[in-house]
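The values are calculated or read from the model by the stated rules, or taken from the named source; none is laboratory data. As the structure is a prediction and not an experimental result, all values here were calculated from the model. Every residue, glycine as well, gets a Cβ built from its backbone with ideal geometry; the counts of neighbours run over all protein chains shown. Ligands, DNA and RNA are excluded from the accessible area calculation, which covers all protein heavy atoms including side chains. Shrake-Rupley method; radii C 1.70, N 1.55, O 1.52, S 1.80 Å.
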Amino acid sequence: MKKIVEKAPTVEEAVEKVVEKYGLGEGEYTVNVLEKGFHGIFGLFSKEAVVEVQINKAYFERRLKEFLTEILQVVDPEVKITVKSSGRSFFVDVESENVGRLIGKHGKTMGALQHIVMIFLNRLSDTKLNVILDMGDYREKRKKSLEKIVEEAVKKAISEKTKVVLDPMFSFERKMVHKLVRKYRGVISYSVGVEPYRRVVIEYSGTRREGRRKHDIKESI
């Protein structure tokens, strides 16, 4: 996720420079020695040691938890945050007595927090990382709600042979909608607009399935 090449008179000093600069803890990095270095003879012909420090997931999990905890403790000093990772995705679960306030109306506060922590995490990494934030099983509850919304929209699109434009949604909600629409025949889905007003359109297609290739835009979580 992030590699740093550092030079110093010795391997130990090179590693210490990286550890101090990034605030690395035990078990959060591995070291690959590229050059052991050479002190030379009477100070002549000396050569610096070169190391490559690989920062691992444990570091990003800790930093993400610390960053989000600092933000949310303003609302709930007893907030509990759990961070797990798989591949390039980090799954964050928040437990709080004020979970409703943290989620916000239609999940707007949670969506904004997810956007903020994703920016924070990606500034620490060399590769693009995803953050999936959940509070009080909001995502599962939202999925059930979206199932009903999609069902009604599909029925209308097919019966009236038209298109139905849904309300603006977060990217993870749009992704859920696209997956749900795929279960139905005679309709396609695609996204239009610019964040934060991006919407899903469910459109009647009859027996045409090729339309999906043109319109069904992949959504990031």
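Among the residues making up the stretch 1-26, those that are open to solvent by 40 Å² or more (accessible area, probe 1.4 Å), more than 19 Å from residue 121 (Cβ to Cβ), of a type outside the set (Asp, Glu) and not in a strand (DSSP E or B) are 9, 17. The set of residues in the stretch 163-173 that are at pLDDT 95 or above and either open to solvent by 50 Å² or more (accessible area, probe 1.4 Å) or farther than 19 Å from residue 105 by Cα (or both) comprises 163, 164, 165. Taking the stretch 152-173 as the range and being assigned to a loop (DSSP other than H, G, I, E, B) and touching a Lys or Arg at 6+ places or on another chain (Cβ under 8 Å) as the test, the residues that pass are 162, 166, 167, 168, 169.
Within the stretch 133-141, does at least one residue satisfy the condition of being in contact with an Asp or Glu (Cβ under 7 Å, 6 or more places away or on another chain), part of a strand (DSSP E or B) and within 30 Å of residue 9 (Cβ to Cβ)?
In the first step, residues of the stretch 133-141 are kept if they are in contact with an Asp or Glu (Cβ under 7 Å, 6 or more places away or on another chain); the result is 134.
Checking which are part of a strand (DSSP E or B) leaves us with 134.
When the remaining residues are screened for being within 30 Å of residue 9 (Cβ to Cβ), the result is none.
Within the stretch 133-141, not a single residue is in contact with an Asp or Glu (Cβ under 7 Å, 6 or more places away or on another chain), part of a strand (DSSP E or B) and within 30 Å of residue 9 (Cβ to Cβ).
Please tell me if residue 176 is part of a loop (DSSP other than H, G, I, E, B) and crowded, with 16+ Cβ neighbours inside 10 Å. Considered against the rule, which asks whether it is part of a loop (DSSP other than H, G, I, E, B) and crowded, with 16+ Cβ neighbours inside 10 Å, residue 176 comes out as no.
For residue 160, state whether it is touching a residue at least 12 places away in the same chain (Cβ under 8 Å), over 17 Å from the mean Cα position of the chain (by Cα) and open to solvent by 80 Å² or more (accessible area, probe 1.4 Å).
On the way: touching a residue at least 12 places away in the same chain (Cβ under 8 Å): yes; over 17 Å from the mean Cα position of the chain (by Cα): yes; open to solvent by 80 Å² or more (accessible area, probe 1.4 Å): yes.
Yes.
Residue selection: residue 28 fails the criterion of being farther than 30 Å from residue 89 by Cβ, modelled with pLDDT of 95 or more and of a type in the set (Asp, Glu).
Scan the stretch 41-85 for residues that are closer than 28 Å to residue 3 by Cβ, part of a loop (DSSP other than H, G, I, E, B) and more than 18 Å from the chain's Cα centre (by Cα) and jot them down. Talk me through it step by step, then tell me what you get.
In the first step, residues of the stretch 41-85 are kept if they are closer than 28 Å to residue 3 by Cβ; the result is 46-70, 81-85.
Filter once more, so that each one left must be part of a loop (DSSP other than H, G, I, E, B): 46, 48, 56.
Result: 46, 48.
With respect to the conditions (1) outside any helix (DSSP H, G or I); (2) surrounded by 13 or more Cβ atoms within 10 Å (Cβ to Cβ), residue 128 lacks only one, and its number is (2). For the residues 147, 151, the requirement of being at pLDDT 95 or above, touching a Leu at 6+ places or on another chain (Cβ under 7 Å), of a type outside the set (A, V, I, L, M) and open to solvent by 70 Å² or more (accessible area, probe 1.4 Å) singles out 147.
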